[in-house]
Amino acid sequence: MRIGVPKETKILEGRVALVPAAAGDLVKRGHEVWLEKDAGLKSGFADDQYTALGVNIAPDAAALYEKGEMIVKVKEPIAGDLLHLRRDHLLFCYLHLAAEPALTRSLLDIGLTGVAFETVELPNGDLPLLAPMSIVAGRIGVQVGTHLLHQPEGGKGKLLGGLPSTERGKVVVFGAGKAGGASAALAAAGGANVTVFEMRTDRMDEMMRLGANVTALYPYHDVVAREVASADLVIGAVLVAGARAPKVLTRDMLKAMEPGSVLVDIAIDQGGCFETSRPTTWKDPTYVEEGVTHFCVTNMPGAVPQTSSQAICATILPWVNRLAAGGDWQADPALARGINVADGKLVHSALLGMAV
């Protein structure tokens, strides 16, 4: 199969879907791999690292999409990408269509088959292709949130970990999956007092084992309101596979927080889990509502493209191999769950009935 890897076009997105070693493995399997010129540069991978392993370089996006049968990228296609996609393309990337009706309509009009990383689902409910970027986003959420609490950034001027004679900072995390768990672990390791809201008892138990400074609670409305009101940093990491994220924090709860506090919405790709969330970019990452700084960047892992590209590539490569091998790949239950659109129709159950 001819596999095309385009340059990412989202604002300040530096990741590449296939690192040189992975592309080289696909070449060894007999596939023809094409990379758009300089697509790996921001991740630290020059074109000659690819060509040394038998990868072809396309001079621009138009040539890349023309060559490719399967398009493997990181983020969802945006305006420029959509111009080049065709009905016969197999698109494999993060899509997050529940929060993107206009993109969904465009893909339906094109008629291609779109398999979303985030909805490839194992029989036990695990989402293996979402996991590595969730962990990266969870850690970035704490790193960025800690920085935004600094007074020069408009924050309340609080050091999360505290020190003798001062109070520790307080972090509230919604969700104890891969992203929320990573946030809680980093915040706890830094010395903050951490409250994690989760509905699954096994995940609550996992969070409690992080340390004596971590509390895991069920998200009763009144308890959420109480804990948020006294939080310095709130991180949203609630996920419903393929669907829009539920709203777990209301504007009224936000009003009770101290000015200079910070919200980080990791779920923003799926529409966000705070009532006051709206998508932002790395170029203009924050805004203030009710005196609270909001960070809602839709491609958080794109800020560390070398780490993110290596992590995502190691995770997706077996699935790229399966798709590239052709045959009846739709018979694989995990990949079948990954199909979001095909032949101009919505396929994934979480998207059925979506207004597009």
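When you scan segment 9-22, do you find a residue that is crowded, with 17+ Cβ neighbours inside 10 Å, part of a helix (DSSP H, G or I) and touching a residue at least 12 places away in the same chain (Cβ under 8 Å), even just one? Yes, segment 9-22 contains at least one residue that is crowded, with 17+ Cβ neighbours inside 10 Å, part of a helix (DSSP H, G or I) and touching a residue at least 12 places away in the same chain (Cβ under 8 Å). Count of segment 244-254 residues, restricted to those that are touching a strand residue (DSSP E or B) at 6+ places or on another chain (Cβ under 8 Å) and either of a type in the set (Gly, Ala, Ser) or touching a residue at least 40 places away in the same chain (Cβ under 8 Å) (or both), is 3.
Quick grid of which residues meet (1) within 16 Å of Ala176 (Cα to Cα); (2) free of Cβ contacts under 8 Å to residues at least 12 places away in the same chain; (3) of a type in the set (D, E, K, R):
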| residue | (1), (2), (3) |
| --- | --- |
| Ala231 | no, no, no |
| Gly236 | yes, no, no |
| Gly242 | no, no, no |
| Ala256 | no, no, no |
| Ile268 | no, no, no |
| Phe274 | no, no, no |
| Lys283 | no, no, yes |
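Return the residues of segment 34-75 that are in contact with a Phe, Trp or Tyr (Cβ under 6 Å, 6 or more places away or on another chain) and without any contact (Cβ under 8 Å) to a residue 40 or more places away in the chain; say none if nothing qualifies. Matches in segment 34-75: Leu35, Asn56. Screening Arg226 with (1) within 30 Å of His89 (Cα to Cα); (2) over 15 Å from the mean Cα position of the chain (by Cα) gives one miss only, at (1).
If the condition is being closer than 22 Å to Leu323 by Cα and not in a strand (DSSP E or B), then segment 41-58 contributes Tyr50, Leu53, Gly54, Val55.
Given the condition farther than 27 Å from Phe117 by Cβ, of a type in the set (S, T, N, Q), in contact (Cβ under 8 Å) with a residue 24 or more places away in the chain and in contact with a strand residue (DSSP E or B) (Cβ under 6 Å, 6 or more places away or on another chain), answer yes or no: does some residue in segment 292-303 qualify? Among the residues of segment 292-303, at least one is farther than 27 Å from Phe117 by Cβ, of a type in the set (S, T, N, Q), in contact (Cβ under 8 Å) with a residue 24 or more places away in the chain and in contact with a strand residue (DSSP E or B) (Cβ under 6 Å, 6 or more places away or on another chain), which makes the answer yes.
More than 25 Å from the chain's Cα centre (by Cα), part of a loop (DSSP other than H, G, I, E, B) and of a type in the set (Phe, Trp, Tyr) - does that describe any residue in segment 210-219? No. For the subset of segment 24-75 comprising residues that are closer than 24 Å to Glu100 by Cα and either surrounded by 23 or more Cβ atoms within 10 Å (Cβ to Cβ) or not assigned by TED's automatic domain parsing to the domain that holds Phe117 (or both), which member is farthest from the chain's Cα centre (by Cα)? It comes out as Ile71. Set side by side, the residues Gly353, Gly326 differ, and just one is modelled with pLDDT under 95, under 30 Å from Asp38 (Cβ atoms) and not in a helix (DSSP H, G or I), which is Gly326.
The values are calculated or read from the model by the stated rules, or taken from the named source; none is laboratory data. The model shown is predicted, which means the values in this text are computed figures rather than measured ones. When we count neighbours, we look across all protein chains shown, and the Cβ atoms used for this are built from the backbone with ideal geometry, even at glycine.
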